[in-house]
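Values in this text are rule-based calculations from the coordinates and carry no lab data. Just so we're clear, the structure is a prediction, and the values are computed from it rather than from any experiment. When we count neighbours, we look across all protein chains shown, and the Cβ atoms used for this are built from the backbone with ideal geometry, even at glycine.
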Amino acid sequence: MRRLRLLLRDRRGNVLIETAFGMAMLATLFMGGVEVARYALLTQKLDRASMTLGDLLSRNETLTLAEINNIMDAIPHIMEPFDFNASGGIVLSAVQRLQGGDATVAWQVKQSDHLTLSSQIGALGEVAVLPAALTLNDNENIFVAEVYFDFQPMLVTDLVTGTQLYHRGIFRARLMDTLDIETPPPPPPSP
């Protein structure tokens with residue numbers, strides 16, 4: 001009986017139990033905080049990437065496919081520390097509205113190593129799906145840069161599922177009258 005009374009009055013393990021519960025909660029909060037910070041940083045970088053693409057496209061008088069590829073090659077550097085080559089993709093579209101017609105997608109370039117991308121603006125030659133607040137005047141051109149990224153959580157993979165993030169930047173063409181891409185001439189035939 002005496003040992004049972006001593007055992008019931010013993011309070012030495014109380015702090016250990018409370019600490020175990022507290023540490024589990026703190027670890028969960030820490031991992032959630034890391035994921036929220038990664039998500040916020042990724043969202044900011046996607047926004048910056050789409051705006052940079054649209055801005056760089058809109059500054060040119062003419063565009064070649066090589067120039068467009070050079071512009072797109074800068075995006076993985078903007079997206080660091082995220083691996084854009086493994087998880088991201090780009091769709092660049094030029095939209096024009098000719099005299100009295102609808103706004104249509106004049107050309108489109110896609111770049112992704114593994115994503116199947118489809119533009120939310122529309123496909124080549126189709127009527128463009130533009131935001132309601134954006135109207136194009138006759139003979140006006142715009143560039144749309146769409147950036148995709150497959151976000152996968154790093155620490156709480158069992159609690160949070162991955163999702164595909166999407167950002168776009170829309171810029172009016174500054175110096176272009178037509179939206180043709182100058183393609184380089186084909187290489188000479190081999191003898």
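Quick look at the values:
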| read-out | value |
| --- | --- |
| Full-extension gain in nm, ASP150 to THR104, via 0.36 nm per residue minus C-alpha separation | 13.7 nm |
| Kyte-Doolittle mean at least 0.0 and Cα axial length at least 18 Å: DSSP H helices in the chain | 14-58 |
| Order of ASP47, ASP73 under a 10 Å beta carbon neighbour criterion, fewest first | ASP73, ASP47 |
| For ALA173, distant residues with modelled amide H under 5 Å away | ASN141, ILE142, PHE143 |
| Charge dipole of the chain about the Cα centre (unit charges at C-beta), most positive-ward option of LEU159, PRO76, ALA132 | LEU159 |
| Summed side-chain charge close to ALA103 - residues other than ALA103 whose Cβ falls under 11 Å, Lys, Arg +1, Asp, Glu -1 | -3 |
| Gaussian network model of the chain, Cα within-10 Å springs - most flexible of VAL95, VAL147, VAL109 | VAL109 |
| Order of GLU140, GLU146, GLU61, GLU35 - criterion: other Cβ atoms within 10 Å of each residue's Cβ, fewest first | GLU61, GLU140, GLU35, GLU146 |
| For the chain, alpha-carbon Rg and Dmax in angstrom | 26.6, 106 |
| Spatial separation of Cα centroids for region 38-70 and region 81-104, in angstrom | 10 Å |
| Computed helical MRE - 222 nm, the chain, DSSP H runs ≥ 4 contributing -39500 (n - 2.57), nearest 500 | -12000 deg cm²/dmol |
| Segment LEU26-ASP47, extension gain: residue separation times 0.36 nm, minus the distance between their alpha carbons | 4.4 nm |
| Sequence of LEU41, LEU117 once ranked by neighbouring C-beta atoms within 10 Å, starting from the fewest | LEU41, LEU117 |
| Gain in span if fully extended, GLU18 to ALA66, counting 0.36 nm per residue against the direct Cα distance | 11.0 nm |
